[in-house]
1. Suppose we keep only residues that are out of contact with any helix residue (DSSP H, G or I) (no Cβ under 9 Å at 6 or more places or on another chain) and polar (S, T, N, Q) within region A:427-463. Which one would you say is modelled with the highest pLDDT?
2. Just the residues that are on the phi > 0 side of the Ramachandran plot and touching a residue at least 12 places away in the same chain (Cβ under 8 Å), please, taken from region B:102-148.
3. Enumerate the strands (runs of 3 or more DSSP E) found wholly within region B:218-337, keeping only those where 3 or more residues are closer than 30 Å to B:Ser38 by Cα and of a type outside the set (Lys, Arg).
4. Is it fair to say A:Ala504 is at pLDDT 85 or above and surrounded by fewer than 20 Cβ atoms within 10 Å (Cβ to Cβ)?
5. With respect to the numbered conditions (1) modelled with pLDDT of 90 or more; (2) surrounded by 19 or more Cβ atoms within 10 Å (Cβ to Cβ), which one is the sole condition not fulfilled by B:Leu159?
6. Check whether at least one residue in region A:209-230 is more than 10 Å from chain B (Cβ to nearest Cβ), touching a residue at least 24 places away in the same chain (Cβ under 8 Å) and not hydrophobic (A, V, I, L, M, F, W, C), and report yes or no.
7. Return only the number of the condition from (1) closer than 23 Å to B:Glu173 by Cα; (2) more than 9 Å from chain A (Cβ to nearest Cβ); (3) not β-branched (Val, Ile, Thr) that B:Ser102 does not satisfy.
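The values are calculated or read from the model by the stated rules, or taken from the named source; none is laboratory data. Because the structure is predicted, anything quoted here is derived from the model rather than measured. Note: ideal-geometry Cβ built from the backbone for every residue, glycine included; neighbour counts use all protein chains shown.
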Amino acid sequence: MTIRFRKTKNQRVSESANQRISEPQSRQIAESLHRRIAESLNRRIADSLNRRIFLWLPASLFLGFLFFYPLARILGLSLNVESFTEGNIRIAFSTLRFTFYQAFLSTLLTLLLGLPAAYLFARFEFRGKSLLRTLTAIPFMLPTVVVAAGFNALLGPRGWLNLALMRWFRLEDPPLLLVGTLGAILMAHVFYNTTIVIRLVGNAQTHLDPRLEQAARCLGASPRRVFWNVTLPLVRPSILAAALLVFLFDFTSFGVILLLGGSQFTTLEVEIYIQALHLLNLPLAALLSLIQLLCTLAFSIIYSRVVVRNVVSAAPRPAQVNLRRAKKFPERIFKAGMTVLLVTFFVFPLIAIPMRSVSRLEAARAERGEVQSGLTAAYYQELFINRQGSIFYIPPIRAVVNSLAYAGLTVVLSLALAFPVAMALKRPGSLERFLDPFLMLPLGASAVTLGLGFIISFGRMLTSPLMVPLAHTLIALPFVIRTLQPALASIPDRLRQAATVLGASPLRAWFAVDWPIVARATLSGAVFAFTVSLGEFGATMLVSRPEFPTIPMAIYRFLSQPGGLNYGQAMAMATILMFLTILSILLIERLRLPGTGEF
Amino acid sequence: MLEVENIHKSYEGAPLLQGISFTIHPGETICLLGASGSGKSTLLRIIAGLEEPEMGEIRWKGENLVGTPAHQRNFGLMFQDYALFPHLSVAANVAFGLKMQSIPGSEIRHRVAESLDQVNLSSLSGRRVTDLSGGEQQRVALARTLAPRPRLLMFDEPLGALDRTLREQLMAELRLILHDSGVPAIYVTHDQEEAFALADKILLIHDGKITQQGTPAEVTGHPASAWAARFLGLGNVLDGIVRPDGRVETAAGVLDPACGHGHAAGQSVSLLIRPGSARLGEGQDCLVSRVKDVVFQKEYYRVTLENGVYIHLPMEVTVGQDVRVSFAEVECLPEDK
């Protein structure tokens, strides 16, 4: 119908143009035509602007109310005379110093392991390589509590290493007191972030044109000089970028420090939590949050500068060119050594948890001193029992139910908020370009800061368990938008037009072209939100109600209580969380791979 | 000067080079000409010291170089896509080889300027190499290769990525530079025009062996095999069988090649008919066919006949016309080894 109508209108215009008319008349017609076109154009722009504003409204309201307003409250509170007391400043200064100190050490150690590993992955081809690479990438996606539990299960007072030593040497007490030291924190940070170095630096090395090094050799450069004059300068920006990113993650680390560091080590994040929740010194907490935000902002700016420089100098090559098998003796020693080191470092903390969760390795509650060992399902059974005098007033398995419920709500909320935004971002106008950076800002604020904002702004409403999924949505939203947006933008209009021309009705064309992409992106975003919510620890610690614990909170509480039973239950919970998370990661990976599944 | 002897090399289990031997004399430019994948680049990399041969020797004035690392050979190699250092400026790229020789700074500046002048790039010395056009990058790569004054120059398809006009212009410049420098050079290409323009001697590589070597005129005048004639595009290569009367039966017709080989009857041979040797009308070697296609090519018409033979004629014929074509000479090619 519309097509036919337009045709007749066009015909009419062309007919009138064909008629010979006097000049002033034709000018009049041309003017009125222009005016009409301009009007309809304006109307369309106005329409689309209205539509766009409408699309932006939910997310803007959500962020405004739950992120920007709390942020403003934090700012207001921190820039107050009463927050700048001598004691506060002293605490802030020493906390900041330790935060920098541990982040610096962690980054250094991460580079120490990551750079040789990156070289291994970038230069050599060997069996099990992709498996090893996946293995090193797993920790980065695991919840902090799981990583902390893993190191505890391996090196803690009730961990495998200490139990083994106690048995072999017939000791009364665990000989290695690693948990609660700076060493444990550093190890967990290295465990977490090595994959960043492997990814960024390894990529840069893989895509380095091997002929640049060969050209240098033909020009008379010895292997050592090739490395210093060609390889290193070309890879340096990626090393810098990786180091900065690792530093940023270590700087804002919360769960690892809280669970593995013990009370004597407080970073900005941990101190915010302690001041806000335990000492109720909100002005100091706000001040620390402000410092934290400023530091993060500074690192982000430096990082984006480094990344920009990184992009310029790259002359990418297909990856296979650089790969070869290790042939010479030193190369083979390097390959074997690195592989063993990586496998040991990355496998043991991960398998320690599930294995510890099904092994009874110490005296049970009633039979003090008598060591029973063997496989047991007792820790899992215990999760379903509401014991008198236990640390929960409910069966601990309820934490799993709570977590799943929160995660489900987070999925629904974040999808509902992200979808309109992703639609609006499909064809970004000036409004989109202006608003887009604001969407990503919550990424820059730490989870604990978000939680603190909630406490300061909505202190009274914290009794509602709904605050948890709201906080989780705040954290997940940027990820979900970034998952949906490229997928929606990738849907080619021409395909839909082709389907229409081939005779598909608009609805069928949408189902044939858009639906497969939209469905996949939605599922991927949903799993993302689900995973984020499941493992979230920092914000949850601040906003959740003790009677509605989540899995990470349950693990934290079990770990901080004495007794083998509590410890075993912590391991059982951590195992559940770990497998749920790994399952989600695998699902996301599957959804992301092109050509798999129905398309 | 440079002696390459019996080089063997395999790639992923399949033999790539099977006993390559040749010698370069002072001031000589030789071209390795072969199809892509024939191993000519690998040979160059072996001479440069970037790869090890499985067997054979590379000798420079009698001294065996196998085992000498690339950076101690003082051979210049120019890569296909130039491999300029993206983190260095034009001048720093050219200076790289000089720095490796620990030449004092003032001398380096002087020689960089000289090299850039040689390739007409003096005005670009401070620029980033990533900002240059393809032709400019090519010149920088050339200057970088020349600056350390290597005792041997090697070029790995250096003009491959450039468009035709630029290629011809750079080919002419390269010819002059090679001539002036007097340094022996090895030039690898799959483009015969480049090879003919630059080489004192051409080596044809096929199936991992050198199938023919000689001056451009020798190679085109007397192709050593049917493969060589086909690869150089010299004309129609026809497979035929010798008849009892000594003439050769091919798919296109019966021909009488001028050759003193003394073939036995029933033997299969390959014949070469150069398109320029064709004439319309009766003659000793005569084919009758119908015209299938006529293409105007400035100096002549390229006429394709229905029997598959193509010829060059000075006058136009019409498609579908029956013609009788005779040839001044039909060559008999030595057998493929």
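1. Per the criteria, the residue is A:Ser430.
2. Matches in region B:102-148: B:Asn120 only.
3. Counting at least 3 such residues, we get B:236-242, B:268-273, B:331-333.
4. When the stated conditions are applied, A:Ala504 does not pass them.
5. (1)
6. no
7. Answer for B:Ser102: the failing condition is (1).
Residue-by-condition table, conditions (1) of a type in the set (A, V, I, L, M); (2) in the same structural domain as B:Ala147 (by TED's automatic domain parsing); (3) over 22 Å from B:Thr23 (Cβ atoms); (4) touching an Asp or Glu at 6+ places or on another chain (Cβ under 7 Å):
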| residue | (1), (2), (3), (4) |
| --- | --- |
| B:Gly56 | no, yes, no, yes |
| B:Gly62 | no, yes, no, no |
| B:Gln80 | no, yes, yes, yes |
| B:Gly97 | no, yes, yes, no |
